[in-house]
Each structure stands twice: as structure tokens, then as C-alpha cells.
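What follows is a set of notes on a single structure, which appears directly below.
Read the figures in this text as sums done on the coordinates, not as results from a lab. Keep in mind that this is a model prediction, so the values were computed, not measured. When we count neighbours, we look across all protein chains shown, and the Cβ atoms used for this are built from the backbone with ideal geometry, even at glycine.
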Amino acid sequence: MSPALLLSMAAFALAASLTPGPVNLVALNAGLNHGFRSSLRHVTGASLGFTLLLVLIGLGLQSLFETLPLAGVVLRWVGVAFLLYMAAMLALSKDREANAVPSAAPSFWQGALMQWLNPEAWVASAAAVSAYTREVIHLAVLAVIFLILCQASVSIWAAMGHWLGARLTRAHHLRRLNQAMAALLVASALAMALMSPGDTAGASPPSLF
């Protein structure tokens, strides 16, 4: 496998996983409200969830949507509902006060589900598989590259949230930031709801995470 191919795989994976998106917003919020270490459950779940999706699509799972178009519609609307649920969790995050019971940090499984319920993640996985895999070894290398760069990229967002959280000392500032991130998740859900089948054909979207 040539260095140029490896570099191209890495560039694709980095662009997909580092740019802003729902998974990264939740990681940012987790770091902000719960600290970096607690946010790693979400980070790892999102990274492993996407990598598993990539591998299964490489092994033929994408054909499910060709034979059962309704499955894609169901996936999209379940994904919309899940994003709205996560937005509500962000908006209702408890303030960091001595007498407040903090909300739970996003879990490993929530991170993984955000990938599996994101139609854009399916499309980008299919695009990556189509562009870079001709043999099983190519798929294995692509999966390892995505796993490493996803973990690193989403961790960066969690670390930024932790950094911000250490500097936001007023509860109302934290509350407003949580609400702003919740609004961005709602916008992501609305964009997903308005997608037509043609919107998910062809090249990968600018951000999966």
C-alpha cells in the first residue's frame, strides 16, 4: 500500500472527524459539564461505533438500503428523534452548584448510537469504502486509521470543553452555552429531517461528527 494512499485515507478521516458536527458538539458539552475524563466514554463510543459501521458497510451492509429503501427513511427519522433527545439533555444540563445534582455524562452507547443513527455517517462510510478499498486489507487499514483519528479528533473537542469549563465560573454563562449547543443540535436534526434521498448520494458530507 503506497504512502500516498495512506495519506489520502488519513486526510479523509481527519476532515470527517475533526470538523464541527453533532458528535463533536456533544463531546464539547461533555467536557464542559463533566470534565475530560468523564467525556471519554462518549468519545470512545463514537469512535468505535463509526469504525464498526465502516467495516460492516465494507462487508456489504450498505446493500440493505438498496433492497429496503424504507430502512433509510426509518433510520433518518429515528436519528432526528435521537438528536432532539440529546439536544434536550444538553439544554437541561444542571448548573455546577454545590447543592445541584449533576446530569449524567453522555454514555459510551449514546456516542455509538449517534453514529449509527446519522445517515451522513452511512453515506461517508460508503464513500470511503468505495474510494479506498479494493481488498480486505485496505478495509482493515482504513478502519484502523479512522479509529485512531476519530478518537483523537473527538477527544480534542472534549478537551476544549474541559478548558472552557475551567474558565466559566458563573452558572448563567454555562447555562447559556449549554443552550446554544442544544440549539445547534436542533438545527442538525432539522437539517436531517429536511434531507431528500438525493442529498445523501455521491460525495461525503463536510462533517460526520
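What the table shows:
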item: Reciprocal of mean inverse Cα separation for the stretch 1-141 (Kirkwood radius, Å); result: 16.5 Å
item: Protection-proxy order for peptides 111-121, 11-21, each taking the mean of Cβ atoms within 10 Å per residue, highest first; result: 111-121, 11-21
item: For the chain, with +1 on Lys and Arg beta carbons and -1 on Asp and Glu, the positive-most of SER17, LEU52, GLY165 along the dipole; result: GLY165
item: Value of relative contact order over the chain, rounded to a whole percent, pairs C-alpha under 8 Å and six or more apart; result: 45 percent
item: Excluding exposed DSSP-loop trypsin sites (Lys or Arg not before Pro) (at most 13 other C-beta within 10 Å), longest clean stretch of the chain; result: 1-133
item: Residues VAL73, VAL136, VAL43, sorted so that the one with the fewest Cβ neighbours within 10 Å comes first; result: VAL136, VAL73, VAL43
